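The values are calculated or read from the model by the stated rules, or taken from the named source; none is laboratory data. Computed from a prediction, not measured in an experiment: that's the story for all the values here. Methodologically, a virtual Cβ is constructed for each residue, glycine included, from the backbone with ideal geometry; neighbour enumeration extends over all protein chains shown.
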Amino acid sequence: MVRKQAEEYATVWERPEPVERPVLSSLSRDRIVRAAIELADAEGLGAVSFRRIAGVLEAGPMRLYGYLATKEELFDLMVDAVYAEIVPANTSASGWRARLTEIAHRTRETALRHDWLVDLFGGRPNIGPNGLAFHEASLAALDEVAGFEQVDTMMDAIGAVHGYVLGAVRAEVTERRAERATGMDEQHWQQANGAYMTKMLATGAYPMLARVVEDASHPAPGTAFTARLEAVLDGIEARFRTA
């Protein structure tokens with residue numbers, strides 16, 4: 001029955017939910033997805049399984065298959081639910097740079113709240129209603145802006161911003177996971193490896209890295225994210241708006 005439904009409806013967003021029987025605990029796709037997100041937030045994406053979710057919701061695992069055919073569908077719905085936290089209902093940001101900056105910062109903040117999100121970002125776009133709203137808001141920031149009249153130009157600019165944000169957030173999440181796994185924050189890691197790095201830099205084989213160690217300000221992640229985002233936006237403006 002589930003397979004027949006999956007074949008009849010192209011996507012999970014179009015497929016109707018089964019009719020619940022009053023004698024059973026109430027279920028819905030939203031309840032299942034929320035439980036999955038809470039599990040992923042607490043224990044990571046690897047903890048998410050139909051059996052674990054069913055236990056949280058006090059339901060038999062097989063009942064979940066009436067709502068979702070595969071774990072991939074569950075992941076799609078989880079990502080789409082989190083996209084709702086990124087796209088603001090209202091925005092006071094004025095101008096294309098400010099609007100893309102707002103989306104970039106909200107993406108970072110959301111990914112840090114749900115650090116499993118970076119494992120599902122990328123690849124084919126999420127086509128749930130919130131995912132579509134995210135992409136619509138990104139493109140709308142450039143609508144009727146001089147230099148971005150061509151759709152391909154808009155896509156290039158949005159791709160550059162989202163590519164930077166994804167890479168930066170993935171690096172930050174990876175660092176946070178390393179801290180949890182090792183019990184060492186960046187400062188303690190540097191102290192633990194300080195003697196080795198001093199010896200290696202003293203060979204003179206890495207002059208540029210020596211400059212980084214000695215002279216770089218090493219700003220906080222949020223400060224670095226903002227500065228580098230500005231550089232990306234500067235590059236977009238120079239390439240497309242003055243062409």
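Values as computed for the structure displayed
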quantity: Selection within region 114-124 - of a type in the set (Asp, Glu) and surrounded by 20 or more Cβ atoms within 10 Å (Cβ to Cβ); calculated: 115
quantity: Candidates 231, 168, filtered to the one that is closer than 30 Å to residue 98 by Cβ, within 20 Å of the chain's Cα centre (by Cα) and assigned by TED's automatic domain parsing to the domain that holds residue 152; calculated: 168
quantity: Residue within region 160-179 that is hydroxyl-bearing (Ser, Thr, Tyr), in contact (Cβ under 8 Å) with a residue 12 or more places away in the chain, in contact with a His (Cβ under 9 Å, 6 or more places away or on another chain) and not in a loop (DSSP other than H, G, I, E, B) present; calculated: no
quantity: Selected residue (only one of 111, 146, 141, 178 is crowded, with 19+ Cβ neighbours inside 10 Å and more than 16 Å from the chain's Cα centre (by Cα)); calculated: 141
quantity: Condition check for residue 127: buried (at least 20 other Cβ atoms within 10 Å of the Cβ), within 15 Å of the chain's Cα centre (by Cα) and not basic (Lys, Arg); calculated: no
quantity: Qualifying residue in region 53-65 (condition: assigned by TED's automatic domain parsing to the domain that holds residue 12, in contact (Cβ under 8 Å) with a residue 60 or more places away in the chain, within 27 Å of residue 121 (Cβ to Cβ) and not basic (Lys, Arg)); calculated: yes
quantity: Long-range neighbours under 8 Å by Cβ, at least six apart or interchain, first residue farther than 18 Å from residue 77 by Cβ within region 106-123, second crowded, with 16+ Cβ neighbours inside 10 Å and acidic (Asp, Glu); calculated: 106/85; 108/172; 112/172
quantity: Filter result for residue 201 (hydrophobic (A, V, I, L, M, F, W, C) and under 22 Å from residue 118 (Cβ atoms)); calculated: no
quantity: Residue 188 within 30 Å of residue 83 (Cβ to Cβ) and surrounded by 11 or more Cβ atoms within 10 Å (Cβ to Cβ); calculated: no
